[in-house]
Amino acid sequence: MPGDGEFGLIARFRERTASSDRVAIGIGDDCASVRLAGGGAVLVTTDMLMEGRHFRLDEAPLPSIGRKCLGVNLSDIAAMAGIPVAAVVAVGLPRDRAAEVGIGIYEGMERMAEEYGVALVGGDTNAWDGPLVVSVTVLGEPTGRGPVRRSGAKVGDAVFVTGTLGGSLLGRHLDPRPRLREAQSLHATVDLHAMIDLSDGLASDLPHILDESGGLGAILDAAAIPIHPDARLQSDRDGLSPLVHALGDGEDFELCFTVSPGSADRLVATPPEGITLHRIGTIDGGPGLRLRLADGLVEACRVRGFDHLAPRSG
Ligand code: ADP
Ligand code: MG
């Protein structure tokens, strides 16, 4: 039986979907992959962002909101080591400032689309008395050995992340830098077993790899988890440790991936140019996610990442 919360509900949606030989990857990964006649495949991902939940209209410049809405989707294409091709954008605009808000978010989205070579090819425009809602869908192409799934981790794999984590609420959450170039370069260099982008926090996202890979576990070295300076700033403000922020804060939009120990050694010895890699732990038989602390003791990771259905505000 699926559990509670956002992911329990998604598991229930997943149980209800019929299989089709057109679907190479369905619900449960960062993108779906749909087979096309002629032998190709298209990656598809969608994310809906809501005022008050993912951004605040009175705090965030409109172009940043647009940038974020496209960027979170590009990050999901990166998580499959794909290349983004086109996007469609559906907006529910606040009626009293519909044109101003629409054009404002489009400005940011357009600029990002150009930067990443994505064509904005359609969408839907609505206005209402509710808050701003933006839903972006991105289509992409698989590359190299094909899409890197969440489900390919193996016992003994090394776990990596592509950058420092935590404290994104201090501003980075509005400025996702989708790791498309990094994913491409890693995909071309080693056999990536499993990959996910960090949108809900490492402590929540890595377990998706563990679950999808058949119920594996992982031990992370607490001292090896790279901490963003903003996680330290947050820690000074709220008293939670920087490590808790690095594990639990969402919207880092770094990649987390697993590779064989041999590939891991090669990546550490000669990382692809311009890419920062942190080897943070090892996949094992489980159960679940555990942390090796400075004194060598291993304990279950109690930090949780973001869950939209969790009974709390924010
Ligand atoms: P991500 O954080 O990578 O965007 P999510 O956690 O939002 O992924 O979703 C996890 C998986 O569940 C994805 O494969 C997504 O497509 C799927 N999913 C989420 N919501 C729904 C839904 N309402 N119906 C069908 N599939 C969904
Ligand atoms: Mg994702």
Pick from 84, 287, 226: which residue has the top mean-square fluctuation in a GNM of the chain where Cα pairs under 10 Å get a spring?
-> 287
If one builds a Gaussian network model of the chain from Cα atoms under 10 Å apart, the most fluctuating residue listed among 210, 202, 170 is 170
Expected sort for 212-222, 121-131 on mean C-beta neighbours within 10 Å, highest first, is 212-222, 121-131
What FRET efficiency do you get for residue 88 and residue 260 if R0 is 35 Å and r is their Cβ-Cβ distance, rounded to the nearest 0.05?
-> 0.40
Angle in degrees between helix 5-16 and the longest Cα principal axis of the chain, rounded to the nearest 10 = 80
Given the convex hull over the Cα atoms of the stretch 175-270, what projected area results after averaging over all orientations, in nm²?
-> 7.0
Carbon plus sulfur, as percent of the 1.4 Å-probe accessible area of the stretch 22-65, comes to 55
When DSSP beta bridges are limited to those with both residues in the stretch 24-173, what percentage is antiparallel, rounded to the nearest 5?
-> 70
Identify which of 32, 231, 269 has the largest mean-square fluctuation in a Gaussian network model of the chain, with springs joining Cα atoms closer than 10 Å.
-> 269
Counting DSSP beta bridges in the chain, what percent are antiparallel, to the nearest 5?
-> 70
Consider all pairwise Cα distances in the stretch 105-206 and report the whole-number % of them above 21 Å.
-> 52
Determine the shape class of the stretch 1-146: with a ≥ b ≥ c the square roots of the Cα gyration tensor eigenvalues, call it rounded for a/c under 1.5, and otherwise prolate if a/b is greater than b/c, oblate otherwise.
-> oblate
Please sort by residue number the trypsin sites (Lys or Arg not before Pro) in the stretch 1-109 whose DSSP state is loop and whose Cβ has at most 15 other Cβ atoms within 10 Å.
-> 22, 53, 56
So what is the 222 nm mean residue ellipticity for the chain from helices alone, if each DSSP H run of at least 4 adds -39500 (n - 2.57) and you divide by all residues, rounding to the nearest 500 deg cm²/dmol?
-> -9500 deg cm²/dmol
Rounded to the nearest 10 degrees, the helix 98-115 long axis (Cα) sits at an angle to the longest Cα principal axis of the chain of 50
Mean separation of Cα contacts under 8 Å (at least 6 apart) over the residue count of the stretch 48-198, i.e. the relative contact order in percent, is 38
Excluding ligands, DNA and RNA, what is the solvent-accessible area per residue of the chain at a probe of 1.4 Å, expressed in Å²?
-> 47
Taking Cα pairs closer than 8 Å and at least 6 residues apart, the relative contact order of the chain in percent is 21
Between the alpha-carbon centers of the stretch 232-291 and the stretch 21-69, tell me the distance in whole angstrom.
-> 24
Whole-percent tail of the Cα-Cα distance distribution for the chain, cut at 34 Å, equals 20
Nearest 10 degrees, 0 to 90: what angle lies between the long axis of helix 180-189 and the longest principal axis of the chain (Cα atoms)?
-> 40
Projected onto the charge dipole of the chain (+1 at Lys/Arg Cβ, -1 at Asp/Glu Cβ, origin at the Cα centre), which of 65, 165, 78 gives the Cα projection farthest towards the positive end?
-> 78
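The values are calculated or read from the model by the stated rules, or taken from the named source; none is laboratory data. Here the structure is a predicted model, which means the values were calculated and not measured. Positions of Cβ are generated from backbone atoms using ideal geometry, with glycine treated the same way; all protein chains shown enter the neighbour counts. The area values use the complete protein model at the heavy-atom level, side chains included, leaving out ligands, DNA and RNA. Shrake-Rupley method; radii C 1.70, N 1.55, O 1.52, S 1.80 Å.
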